[in-house]
1. Once you keep just the Cα pairs under 8 angstrom separated by 6 or more residues, what percentage relative contact order results for the chain?
2. Of Q163, S200, V411, whose Cα points farthest to the positive end of the dipole of region 31-431 (charges on the beta-carbon: +1 Lys, Arg; -1 Asp, Glu; origin at the Cα centre)?
3. Could you look at the chain and say what percent of its accessible area is carbon and sulfur, using a 1.4 Å probe and all protein chains?
4. In terms of the Cα gyration tensor, with a ≥ b ≥ c the square roots of its eigenvalues, is region 31-431 rounded because a/c is under 1.5, prolate because a/b exceeds b/c, or oblate?
5. As a check on your grasp of the helix formula, calculate [θ] at 222 nm for the chain: sum -39500 (n - 2.57) over DSSP H runs of n ≥ 4, divide by the residue count, round to the nearest 500.
6. Of the DSSP beta bridges with both residues in the chain, give the percent that are antiparallel, rounding to the nearest 5.
7. Just want the answer: with Cβ charges of +1 for Lys and Arg and -1 for Asp and Glu, which residue in Y381, P363, G46 is farthest toward the dipole's positive end in region 31-431?
8. Would you kindly find the accessible area of F379, with a 1.4 Å probe and non-protein molecules such as ligands, DNA and RNA excluded, rounding to the nearest 10 Å²?
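The values are calculated or read from the model by the stated rules, or taken from the named source; none is laboratory data. Just so you know, these numbers come straight off a predicted model, no measurement behind them. Cβ: placed from backbone, ideal geometry, glycine included. Neighbour counts: every protein chain shown. Each accessible area value is taken on the protein alone, full model and side chains, heavy atoms only, with ligands, DNA and RNA left out. Shrake-Rupley method; radii C 1.70, N 1.55, O 1.52, S 1.80 Å.
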Amino acid sequence: RFEEALQEAQQVDKLLSEGPGDDYLEEKFPLLGVPITVKEAFSLYGMPNTSGLVNRRNVIATSDATVVSRLKQAGAIPLGVTNCSELCMWYESSNRVYGRTNNPYDLQRIVGGSSGGEGSVLAAACSVIGVGSDIGGSIRMPAFFNGVFGHKPTTGVVPNDGQFPNAHGVRTSFLCTGPMCRYAEDLEPVLRVMAGPGVSKLKLNEKVSLEKIKFHCMDHDGGSIFVSPVDKEILQAQKKVVEHLESDLGVQVQRVAIHKMKYSFQIWSAMMSSKDSEGQEAQRFTDLLGDHGKPVWPLWELMKWLVGMSSHTLPAIALGLTEKLVNLNLSGKAKLVSMGKSLQEEMEALLGPDGVLLYPSHPTIAPKHHSPICMPFNFAYTAIFNVLGLPVTQCPLGLGSEGLPLGIQLVAAAYNDHLTLAVAQYLEKAFGGWVLPGKV
């Protein structure tokens, strides 16, 4: 929406020239004139809202999602919407509506998903701030693969209204909307605007003393059979963070081994498909694929896909085929849900009011296109924190030997978003933050 964006920018220039006063403008329009982009799954008036689903290709938003409306009211100017994976449920952003999004550091690499278009345009310096959503790492994986900052807030603070698909049943406790930014200092003001009145639940006005934070470090999940081992370069980057914190702040980073993290994928999967407190079943992915139309039969879609006739992507078809398997072992699923609740208590006790956990954002650097199909559960490194409801900031740590971004997750107890945001700003100064693609 470049023409509309230019007109809105001219209106901002006019407002500034009329001079109502900087203090007034800063208070009323904290993001005045700032260009932003929006994940296409969110409604942005006049723009497509397909979520990569072919049978929604003619859907145009007639209103703004709540967070988009709040950002506009704060003075931000949307440039347009960005690509995502089909129905936002895969970690490569490719679909049959728009095609595939490429990583600006290496076009043969993925951008992550489902907010992959956001990660890509931010890294490529097309935009400064992005609107993303995250139910299994959909903000943090693209932020990691594209070397930018992404924040998954504490659950229930930022409204999810106005995105498709939205969460229903138990998943409303796992889906989070949050900011993606090139610069760490932008995360907090954008989060304030996105949260609106809900911001009072967070402690963003509290001054953070980094020396008083209790830092914990976990190198990997303990060796899940479903997930790749963590790359040596990622481990090395995390080690450098630990060494810097200890030498510069004089803190002692405590190494921890949380046994239940080994079952992150199984816990996430069981909790995502569990009933809510009122006994309501989780929405089926195959129903979403049909989008109120004819039901989708995954096996039939697979046959069509093999001969190039399906309008769905292979990951979406595969998810449709596997979602029924989760409910075959109900007693095993109940045990995993119970393990998830126990892990949440363990994590909250560990982190307390002043703790931050350092944990890999993903076991590998940005993989090549299509390779996620071979390791479909690697997103467990981010997904586990959705079902635990904890705030997490993904922080870039420069580029590795192949010129691809490295990064780390910063995790705190619920409503302690201010801790992870403060540490992200500190690490940006120490490790350089976002690096312009092609600079090295």
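1. 19 percent
2. Q163
3. Working: 10250 of 18710 Å².
Result for the chain: 55 percent of the exposed heavy-atom area is carbon or sulfur.
4. Working: a/c = 1.44, a/b = 1.23, b/c = 1.17.
Verdict is rounded for region 31-431.
5. Values: 14 runs with 147 residues, N = 440.
My calculation for the chain gives -10000 deg cm²/dmol from helical runs alone.
6. Working: 26 of 40 bridges.
Close to 65 percent.
7. G46
8. 30 Å²
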